[in-house]
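Trainee: My questions will all concern the structure given below.
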């Protein structure tokens, strides 16, 4: 595996261009409550920002997820087509950092560098040019999947997703179900229902508003429901 020198670049706090031309805006921000089999088990807070216009668009998403005794701190930089460019993830247990992952996309590959207490490893795997990034237990990243699904139209299709923690790419079948409201903070919010089917047969159900903001995620095989705490602003 080739040396991943470029992965030393930090993306947890990716700087945006300064000045009026940068046009930095917040695309979405908020928090989710995570329940497992009906019992509260975690929390996620996140922000997704955008800069640029048209083909020069760039997106940076940051989050903090507390789940199963771990704290995940992901940061993703994506291009105008929502495809990943750079990625970084820090995993903590208590005060200890148990894993640091850095990822870089390019030339049909996704490369990762992982550091743990056992040492450092690098991996590289084939990644489609049209893939989006959806890491394990990072739920605000469904925003990028929903944006790609909206481009597929009502007929749906397939979406390739990169899962850095697993060092793999998956292909999901995407299909839009019937529109139905999601109750958030005691009030119904209009939502589109996106059904993502895995190659092994498992399904992921995602509810988003008209702009693709994630309202709810249900992962039936894990008993997880991720519910937004307040409606998107």
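The values are calculated or read from the model by the stated rules, or taken from the named source; none is laboratory data. Please read these numbers as outputs of a predicted model, since none were measured by experiment. Note: ideal-geometry Cβ built from the backbone for every residue, glycine included; neighbour counts use all protein chains shown.
Trainee: Sort out for me the strands (runs of 3 or more DSSP E) sitting completely within region 184-223 that have 1 or more residues that are out of contact with any helix residue (DSSP H, G or I) (no Cβ under 7 Å at 6 or more places or on another chain) and more than 25 Å from residue 68 (Cβ to Cβ). Steps first, answer last, please.
Mentor: Details: elements: 187-189, 192-197, 203-208, 214-219.
Output list reads 187-189, 192-197.
Trainee: Quick check on residue 117: is it surrounded by 15 or more Cβ atoms within 10 Å (Cβ to Cβ) and either farther than 22 Å from residue 146 by Cα or in contact with a strand residue (DSSP E or B) (Cβ under 7 Å, 6 or more places away or on another chain) (or both)? Before you say what the answer is, go through the steps one by one.
Mentor: Details: surrounded by 15 or more Cβ atoms within 10 Å (Cβ to Cβ): no; either farther than 22 Å from residue 146 by Cα or in contact with a strand residue (DSSP E or B) (Cβ under 7 Å, 6 or more places away or on another chain) (or both): yes.
Judged against the criteria, residue 117 is not a match.
Trainee: Looking at region 138-145, can you tell me whether even one residue there is touching a strand residue (DSSP E or B) at 6+ places or on another chain (Cβ under 7 Å) and more than 15 Å from residue 194 (Cα to Cα)?
Mentor: Our first condition is that a residue be touching a strand residue (DSSP E or B) at 6+ places or on another chain (Cβ under 7 Å); within region 138-145, this holds for 138-145.
In the following step, the residues that additionally are more than 15 Å from residue 194 (Cα to Cα) were identified as 138.
Looking through region 138-145, at least one residue is touching a strand residue (DSSP E or B) at 6+ places or on another chain (Cβ under 7 Å) and more than 15 Å from residue 194 (Cα to Cα).
Trainee: Something else about it: Please verify whether residue 40 is surrounded by 15 or more Cβ atoms within 10 Å (Cβ to Cβ), closer than 22 Å to residue 141 by Cβ and at pLDDT 95 or above, treating the condition exactly as stated.
Mentor: Numbers: surrounded by 15 or more Cβ atoms within 10 Å (Cβ to Cβ): no; closer than 22 Å to residue 141 by Cβ: yes; at pLDDT 95 or above: yes.
The answer is no for residue 40.
Trainee: So for region 99-113 (the condition being loosely packed, with under 15 Cβ neighbours inside 10 Å, within 22 Å of residue 145 (Cα to Cα), touching a strand residue (DSSP E or B) at 6+ places or on another chain (Cβ under 9 Å) and modelled with pLDDT under 95), does at least one residue qualify?
Mentor: First, pick out the residues of region 99-113 that are loosely packed, with under 15 Cβ neighbours inside 10 Å: 106-109.
Narrowing the set further to residues that are within 22 Å of residue 145 (Cα to Cα) leaves 106-109.
Narrowing further to those that are touching a strand residue (DSSP E or B) at 6+ places or on another chain (Cβ under 9 Å): 106, 108-109.
Remaining after also requiring modelled with pLDDT under 95: 106, 108.
Yes.
Trainee: If you check every pair at least six apart or on different chains, which have Cβ atoms under 7 Å apart with a residue in region 189-205 that is in contact (Cβ under 8 Å) with a residue 24 or more places away in the chain and on the phi < 0 side of the Ramachandran plot first and a residue that is surrounded by 13 or more Cβ atoms within 10 Å (Cβ to Cβ) and part of a loop (DSSP other than H, G, I, E, B) second?
Mentor: Every condition considered, the pairs that remain are 189/209; 189/231; 191/209.
Trainee: Sort out which residues of region 224-233 are part of a loop (DSSP other than H, G, I, E, B) and at pLDDT 95 or above, and write them in order of number.
Mentor: Initial filter on region 224-233 (part of a loop (DSSP other than H, G, I, E, B)): 229-233.
Once the filter is applied, which keeps residues that are part of a loop (DSSP other than H, G, I, E, B) and at pLDDT 95 or above, region 224-233 yields 229, 230, 231, 232.
Trainee: Restricting to region 169-194, count the residues that are buried (at least 16 other Cβ atoms within 10 Å of the Cβ) and over 23 Å from residue 84 (Cβ atoms).
Mentor: 8
Trainee: Kindly indicate whether residue 65 is crowded, with 19+ Cβ neighbours inside 10 Å, in contact with a strand residue (DSSP E or B) (Cβ under 9 Å, 6 or more places away or on another chain) and farther than 26 Å from residue 83 by Cβ. Talk me through it step by step, then tell me what you get.
Mentor: Numbers: crowded, with 19+ Cβ neighbours inside 10 Å: yes; in contact with a strand residue (DSSP E or B) (Cβ under 9 Å, 6 or more places away or on another chain): yes; farther than 26 Å from residue 83 by Cβ: no.
Here the answer is no, as residue 65 does not meet what is asked.
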